[in-house]
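**Q** Could you have a look at this structure, given as structure tokens, before my questions?
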Amino acid sequence: MASAATGILPNLDREVPDHKKAAGVKPPAPETFEGQILALLPSLRRYSRSLTRSDTDGEDLLQDCVEKVLTRRGQWRGLNLRAWVLTIMTNLYRNGRRGKARDGLVELDAAEDLAASEPPADPLERARLDDALNSLSEEHRAVLMLVVIEGYTYGEVAAALDIPIGTVMSRLSRARRRVAERLKADNIITLRRPK
């Protein structure tokens, strides 16, 4: 999907090493709209990958989100940029899922690795955690990722996903319980008794 933001996004989350070498290209100031979007990119990237369960689809969702945010920046009212951008990303994802359901498409990369800043020491542990997270429904996984991984408050998550705070809390509780049960169940090793 070619877009105006496609050429912008790959350079937004990289720091320019030397302004003189960059031929006058300066990173956006942190207080500007673009600078604030730049600061949100790592969080948005993790969230997009957790929604799509795929690195490539997550990058596509991130690209689409940044494009929409930049083209609709006039609609932002200056209250909570992070919640506004998360709402846009969530709605883009939901709309994309509806379109795939109508087209009869099936996701083939449903078991892709989740992006993590630091992989666990044990690769089997990471695989078990990925499996446990991927076993959650989209609604439960989104709430778990936003609260536990990204550190958003219940109110921010409720606003971003357009659901009541009580629903956020119940989905988070159920998601935590299901992940714990799944990890506990995977740890059971049946031993035979010697005769």
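The values are calculated or read from the model by the stated rules, or taken from the named source; none is laboratory data. Bear in mind the structure is a predicted one, so any value in this text is a computation, not a measurement. Neighbour counts are summed over all protein chains in view; Cβ atoms, including those assigned to glycine, are modelled from backbone coordinates with ideal geometry.
**Q** Identify, by number, the condition in (1) at pLDDT 70 or above; (2) surrounded by 15 or more Cβ atoms within 10 Å (Cβ to Cβ); (3) under 17 Å from the mean Cα position of the chain (by Cα) that residue 36 doesn't meet.
**A** Only one criterion in (1) at pLDDT 70 or above; (2) surrounded by 15 or more Cβ atoms within 10 Å (Cβ to Cβ); (3) under 17 Å from the mean Cα position of the chain (by Cα) is unmet by residue 36, namely (3).
**Q** OK, next. May I ask you to say which residue of 62, 79, 124, 108 is at pLDDT 85 or above and of a type outside the set (S, T, N, Q)?
**A** 62
**Q** In segment 118-184, which helices (runs of 4 or more DSSP H) lie fully inside it and hold 3 or more residues that are more than 28 Å from residue 81 (Cα to Cα) and of a type outside the set (S, T, N, Q)?
**A** Counting at least 3 such residues, we get 123-134.
**Q** Which condition does residue 72 not pass, out of (1) of a type outside the set (S, T, N, Q); (2) touching an Asp or Glu at 6+ places or on another chain (Cβ under 7 Å); (3) modelled with pLDDT of 65 or more; (4) surrounded by fewer than 17 Cβ atoms within 10 Å (Cβ to Cβ), if it passes all the others?
**A** (2)
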